[in-house]
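The values are calculated or read from the model by the stated rules, or taken from the named source; none is laboratory data. Computed from a prediction, not measured in an experiment: that's the story for all the values here. All Cβ positions, even for glycine, are placed from backbone atoms using ideal geometry, and neighbour counts span all protein chains on display. Heavy atoms of the whole protein, side chains included, go into the accessibility calculation; ligands, DNA and RNA do not. Shrake-Rupley method; radii C 1.70, N 1.55, O 1.52, S 1.80 Å.
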Amino acid sequence: VIKGLPLGARFWGDAAARPASDIDVLVRPSDVAAAQRAFEEAGFAHDEPLPAWYVDRHFYHTCFRCPGPAPFLFELHWDIKRAEFGVTPVGEMLAEAVEVDCGNRVLRALSPECQVVVSAVHVLRHGLAVRDLLDVALIAVTLDSRGWREVTALATRCGVERLLYVATMVAAARFDYRVDPHLRSVRPGGMLGGYVDRLISELPLVSRPGPSTVRRLKTSLALSLGARGARLAGAEAVHRAAL
């Protein structure tokens, strides 16, 4: 399980303390078909608004809805971000998973080093939402320098090192904690670096940046990725058209 209950149990003080609207589970890419069958055989309905060809080619999770009077959504992930960013060592991340006591159930969850990378990606995906920023902050203060070396190495392998830097620095400004010096090794240069500094300086004045700020941040991120950014922009256009 990524995010959700294990995050609440480990870092928020209680499994039920962290708000969530769905449950996210991560499996190896080779296990996706078997996981989908398991959901279907258990009575879950495939509830994916995107066409199958698009999900298979461009996305990294699909949705299933729990039957019953209060249907709940599960997201079945085989990656933590789109493939255009880079290769995610999902197998290694799952091999390092730990068991977390969530009160009435023990769940397997990602290590803190892996989880902070996942949470950083979600910070940008969800427009700097306070809940996701707090996830990053609560995990960040538990990591030592060795842990941060593992975090930055994983983020670099996944191609999301710039997102890690942005999310961690914004969370640090929002919740006032000291960032490990090793994070500077993935600091983006040029326009993105300057923009992030300006964004951080503005954070004490606002509780959450507006849509235009988030839009500019995403544009800067895409431009900073160069040729990869062009491919991401194309995939984003396809995504909007599919929706």
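Report the equivalent ellipsoid semi-axes for the stretch 49-135 in whole Å, largest first, defined as the square roots of five times the eigenvalues of the gyration tensor built from alpha carbon atoms. Each step should come with its number before you reach the end.
On the way: eigenvalues 91, 80, 48 Å².
Values for the stretch 49-135, descending: 21, 20, 15 Å.
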> Got a number for the accessible area of residue 152? Probe 1.4 Å, square angstrom, nearest 10.
Replying inline: 10
> According to the square roots a ≥ b ≥ c of the eigenvalues of the Cα gyration tensor, what is the shape class of the stretch 97-160, taking rounded for a/c under 1.5, prolate for a/b larger than b/c otherwise, and oblate for the remainder?
Replying inline: oblate
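For the stretch 61-198, with all protein chains present and a 1.4 Å probe, just round the carbon and sulfur fraction of the accessible area to a whole percent. If you can, show how the numbers build up before the last one.
On the way: 3100 of 5860 Å².
Carbon and sulfur atoms account for 53 percent of the accessible area of the stretch 61-198.
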> How much length is gained if the chain between residue 131 and residue 187 is pulled fully straight, taking 0.36 nm per residue apart and subtracting their Cα-Cα distance, in nm to one decimal?
Replying inline: 17.8 nm
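Restricting to bridges with both residues inside the stretch 14-77, how much of the DSSP beta-bridge set is antiparallel, in percent to the nearest 5? Show your work: numbers first, answer last.
Working: 7 of 12 bridges.
Once the DSSP bridges in the stretch 14-77 are tallied, antiparallel ones form about 60 percent.
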> Quick one: if the Förster radius is 41 Å, what FRET efficiency do residue 179 and residue 72 give, using the C-beta to C-beta distance and rounding to 0.05?
Replying inline: 0.70
>> Rounded, prolate or oblate for the stretch 1-119? Axes are the square roots of the Cα gyration tensor eigenvalues, ordered a ≥ b ≥ c, and the cut-off for rounded is a/c under 1.5.
In response: oblate
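Provide the packing ranking of 1-10, 76-85, i.e. peptides ordered by the mean count of other C-beta atoms within 10 Å per residue, highest first. Mind showing how you got there, number by number?
Values: 1-10: 22.1, 76-85: 19.7.
Put in order of decreasing packing, that is 1-10, 76-85.
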